[in-house]
Amino acid sequence: MSAPPLIVLTGAGISAESGLATFRDNNGLWERHRVEAVATPEAFARDPALVHRFYNARRAQLADPAIRPNAAHHALARLFAAWPGPALLVTQNVDDLHDRAMPGSAALLHMHGELKKIRCTGCGHGREWAGDLSPQTPCPGCAATGTLRPDIVWFGEMPLGMERIEAALHSCGLFLSIGTSGQVYPAAGFCAALRGRARTVELNLEPSLGSHLFSEAIQGKATEIVPGYVETLLSKQKQ
Ligand code: OAD
């Protein structure tokens, strides 16, 4: 059987069972922090130290040995290693759990940026970063202070890789949406854009806002439903 071009979109729900908080569930990040205070360019201009503290804490969490890719991340790594057609894994997550499950994969695109990357708004220098940042941290490229920021897409900013995503959506035949509430655009609009052109499947703890738009919706924890779904997909490809 020939494999349809595949897009998998993931959100915070896929990392929840690895110990990382989602945004909009009970006790989620946006219940404990105001979006306008930590995740906009205006917030960074107003109080960069506060914004740095928010992302420093989240970056530090990734160094905790207890935070590891879970069975859903590993299942997607198997899917991407074996899929015989074009395949793109678009994640809204800024954690590095997909990266650890499928190191070096060219199929992975972090559309909302990455916690472990920073860039300088002065000279444009970007690099990997594992430690803390503060307004006093000098840029390793130009030595300026106050110009380094997390390489995260904040509200009001353009997501990364949109040209590549648009091209993949154009030819997509199978779309999986995993662990996302479907509340943030443009990702929330991918399923609607594919309607009538591709098979669309949602795998989420609960129906998302746009659940009714999918060809199929499967509810459950990512570690419990994603591995089985992936095995079924791969066995169909072998038939
Ligand atoms: P949300 O917190 O909005 O949604 C997480 C979804 O995961 C919810 O629908 C949950 O029901 C589901 N979920 C929770 N635990 C799960 C589990 N164990 N298995 C499967 N599903 C589970 O997170 P996102 O949709 O990723 O953007 O949020 C999208 C964007 O909004 C984020 O990238 C972030 C945020 O503001 C920026 O910061 C720019």
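The values are calculated or read from the model by the stated rules, or taken from the named source; none is laboratory data. Just so you know, these numbers come straight off a predicted model, no measurement behind them. With ideal geometry, Cβ positions are generated from the backbone for all residues, glycine too; neighbour counts draw on all protein chains shown. Side chains included, ligands, DNA and RNA excluded: accessible areas come from the protein's heavy atoms. Shrake-Rupley method; radii C 1.70, N 1.55, O 1.52, S 1.80 Å.
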What whole number of Å gives the distance from the Cα centroid of segment 176-236 to the Cα centroid of segment 84-128?
-> 21 Å
Dividing the Cα convex hull volume of segment 97-178 by residue count, how many Å³ per residue is that?
-> 135 Å³
Per residue, accessible area of the chain with a 1.4 Å probe, heavy atoms of protein chains only, in Å², comes to 47 Å²
Any idea what angle helix 48-61 forms with the longest principal axis of the chain, computed on alpha-carbon atoms, 0 to 90 degrees, nearest 10?
-> 50 degrees
Expressed as a percent, the accessible surface of segment 53-127 that is carbon or sulfur, using a 1.4 Å probe and the full set of protein chains, is 54 percent
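Do any chymotrypsin sites (Phe, Trp or Tyr not before Pro) in segment 110-204 lie in a loop, going by DSSP, with at most 14 other beta-carbon atoms within 10 Å of their beta carbon, and if so which? Don't skip to the answer; put the middle values down first.
Working: sites: 129, 154, 155, 175, 190; in loops: 129, 154, 155.
Filter output for segment 110-204: 155.
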Listed residues 52, 98, 125, most fluctuating in the chain (Gaussian network, C-alpha, under 10 Å) | 125
Quick one, what does Rg over Rh come out to for the chain if you take C-alpha atoms and the Kirkwood Rh?
-> 0.98
Rounded if a/c is under 1.5, else prolate if a/b beats b/c, else oblate: with a ≥ b ≥ c from the C-alpha gyration tensor eigenvalues square-rooted, which is segment 53-137?
-> oblate
Selected from 173, 19, 196 as most flexible by GNM, with the chain as the system and alpha-carbon contacts under 10 Å = 196
Surrounding charge for residue 96, neighbours by C-beta under 9 angstrom, Lys/Arg +1, Asp/Glu -1, total -1
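Helix-derived [θ] at 222 nm for the chain: sum -39500 (n - 2.57) over DSSP H runs of at least 4, divide by residue count, nearest 500?
On the way: 10 runs with 81 residues, N = 239.
Taking each H run of at least 4 residues, the total per residue is -9000 deg cm²/dmol.
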Residue (of 137, 82, 109) at the positive-pole extreme of segment 59-140, dipole from beta-carbon charges | 82
Compute the acute angle (0 to 90°) between the alpha-carbon long axis of helix 162-171 and the principal axis of greatest extent of the alpha-carbon atoms of the chain; round to the nearest 10°.
-> 0 degrees
